Amino acid sequence: MALRGARERWVRTGGVELCVAELGDGSRPTVVLVHGYPDSKEVWSEVAERLAERFHVVLYDVRGHGRSSAPKPLRGGFTLEKLTDDFLAVVDAVSPDRPVHLVGHDWGSVQSWEFVTVKRTEGRIASFTSMSGPSLDHFGHWIKKRTT
């Protein structure tokens, strides 16, 4: 499903180009929606259109998905550190002066847990909503408790 009325831009980061779409008034609070695997930003179409009535909504194709380019070589190109670099590049482009509200689904949620827990994103995220994606740290602790 296409993103009706979206404005698109390209953000370069770490050797890839990310396709970024924006809806709504840029002066309103920004909500960034991060898709899961193997989706693209269009998975958020209906949600984005509804949120755009009250927010500046930003969606981007995660590296290697949708219209964003893939890292070369692929091996090592999808680390959480690089995905965090991508997130910060998008946020710096679309909301340089204000923190954003972050929503992640599936693998987008797993990435977003990383975004909200690393020091270098401090002050860039106003809130976080996770849908169907665990924090890898929490998951690791859960597994360890059950195997020891």
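The values are calculated or read from the model by the stated rules, or taken from the named source; none is laboratory data. Since the model is a prediction, treat every value here as computed from it, not as a measurement. Glycine also receives a Cβ, built like all others from the backbone with ideal geometry; neighbour counts cover every protein chain displayed. Note: areas computed on protein heavy atoms with side chains; ligands, DNA, RNA excluded. Shrake-Rupley method; radii C 1.70, N 1.55, O 1.52, S 1.80 Å.
Student exercise: in the chain, how many lysine pairs 8 or more apart or on different chains have Cα atoms under 30 Å apart?
For the chain, qualifying lysine pairs total 10.
Can you tell me the relative contact order of the chain? Whole percent, Cα pairs under 8 Å, sequence separation 6 or more.
This gives 23 percent for the chain.
How much of the accessible area of segment 22-66, probe 1.4 Å, is carbon plus sulfur, in whole percent? Don't skip to the end; give the middle numbers.
Values: 870 of 1840 Å².
Answer for segment 22-66 is 47 percent, counting heavy atoms of protein chains only.
Compute the helix-to-body angle for 80-94: its Cα long axis versus the longest principal axis of the chain, expressed 0 to 90° and rounded to tens.
20 degrees
Can you list the GluC sites (Glu not before Pro) in segment 1-90 that are in a DSSP coil and have 13 or fewer other beta carbons within 10 angstrom?
Those that pass, being in a loop and sparsely packed, are Glu53.
Efficiency by 1/(1 + (r/R0)^6): what FRET value for Leu74 and Arg28, r their Cβ-Cβ distance, R0 = 30 Å, to the nearest 0.05?
That gives a FRET efficiency of 0.20.
When a/c reaches 1.5 or more, the comparison of a/b and b/c decides; with that in mind, is the chain rounded, prolate or oblate per its Cα gyration tensor?
Prolate, because a/c is 1.5 or more and a/b exceeds b/c.
Among DSSP beta bridges whose residues both lie in the chain, state the antiparallel percentage, nearest 5. List each step's numbers first, then the result.
Working: 11 of 26 bridges.
Antiparallel bridges make up about 40 percent of those DSSP assigns within the chain.
How far, in degrees from 0 to 90, does helix 107-117 lean away from the longest principal axis of the Cα atoms of the chain, to the nearest 10?
In the chain, helix 107-117 runs at an angle near 80 degrees to the longest axis.
Enter the accessible area per residue of segment 1-79 (Å², integer; probe 1.4 Å; all protein chains in place).
Value for segment 1-79: 53 Å² per residue.
Per DSSP helix of 4 or more residues, -39500 (n - 2.57); summed, then divided by the residues of the chain. What does that give at 222 nm, rounded to the nearest 500?
-9500 deg cm²/dmol
Quick check: the angle from helix 136-147's long axis to the longest principal axis of the chain, C-alpha only, nearest 10 degrees?
Result, in degrees: 20.
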